[in-house]
Amino acid sequence: MFIVCETCGRAYHSDRSGAGQPSPCPYCGEKTSPATTRSARGMKRALIPLAVVMIVAGGMSAVAARKAVVRVAPSTARLYAAVGLAVNLRGLALEGVHAALDEANNKQTLTIEGALVNLRDETVETPNIRIALRDAQKREVYVWTAKALNAKLRPGERGAFRTRLAAPPNEASDVMVRFASASEAPMPVEDGF
């Protein structure tokens, strides 16, 4: 039987403890009576449910406090989204975004439009919208910001945005639209409208 010494905490094997006799620890010499010894196997059995409870409690806490977790570690937002628990710290969403390339008088114009939706129960200010044109390798070739038509949105309200760029770069093959972060300076369209 494996015994864990109550004095020094080391585990050892003893044949005498199963017979009801005190077993001296080979490390510290203290005798441990069989009535108070715990086998290593018994301790493992006791720790497994405790570990399961701790893992479940930790998981529940991570789900319940996911907004706080994402504020501290923004990269965790992808993990939450991967398991169907998307976290939206802004309380705003972009919907119905589409781009159209028009040509008139041998000049191309790219128009990008969509809607912002307030998901919160309170009025929120609308941030700038960052538009990036990307090449086939997903590298940004041109970036600008646009403002929503409404500076604020009431709870549940939708607000439109529309921006145009004259003569978009030829290497652009993809458009990425997202909210601009507070640290990103506004970048108006230079060649556009």
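Among the residues in region 34-48, are any of a type outside the set (Ser, Thr, Tyr) and modelled with pLDDT of 75 or more? Yes; the residues of region 34-48 include at least one that is of a type outside the set (Ser, Thr, Tyr) and modelled with pLDDT of 75 or more.
Which residue, of Glu113, Glu184, is part of a strand (DSSP E or B), among the charged types (D, E, K, R) and in contact (Cβ under 8 Å) with a residue 24 or more places away in the chain?
Glu113
Evaluate the following for Leu79: is it among the aliphatic types (A, V, I, L, M), in a strand (DSSP E or B) and under 21 Å from the mean Cα position of the chain (by Cα)? Considered against the rule, which asks whether it is among the aliphatic types (A, V, I, L, M), in a strand (DSSP E or B) and under 21 Å from the mean Cα position of the chain (by Cα), Leu79 comes out as no.
Considering only region 160-180, state which residues are assigned to a strand (DSSP E or B) and over 17 Å from Thr111 (Cα atoms). Reasoning before the result, please.
To start, the set of residues in region 160-180 that are assigned to a strand (DSSP E or B) comprises 160-166, 174-179.
Of everything in region 160-180, just one residue is assigned to a strand (DSSP E or B) and over 17 Å from Thr111 (Cα atoms), namely Phe179.
Filter region 116-139 for residues that are assigned to a strand (DSSP E or B), surrounded by 14 or more Cβ atoms within 10 Å (Cβ to Cβ) and either hydrophobic (A, V, I, L, M, F, W, C) or under 24 Å from the mean Cα position of the chain (by Cα) (or both) and give the result. Of everything in region 116-139, those that are assigned to a strand (DSSP E or B), surrounded by 14 or more Cβ atoms within 10 Å (Cβ to Cβ) and either hydrophobic (A, V, I, L, M, F, W, C) or under 24 Å from the mean Cα position of the chain (by Cα) (or both) turn out to be Leu116, Val117, Asn118, Val124, Ile129, Arg130, Ile131, Ala132, Leu133. For region 130-151: of the residues being modelled with pLDDT under 90 and touching a Ser or Thr at 6+ places or on another chain (Cβ under 7 Å), which is farthest from Leu92 (Cα to Cα)? Here the answer is Ala146.
The values are calculated or read from the model by the stated rules, or taken from the named source; none is laboratory data. Remember, it's a predicted structure, so these values are computed and weren't measured experimentally. Virtual Cβ from ideal backbone geometry, glycine too; neighbours counted across all protein chains shown.
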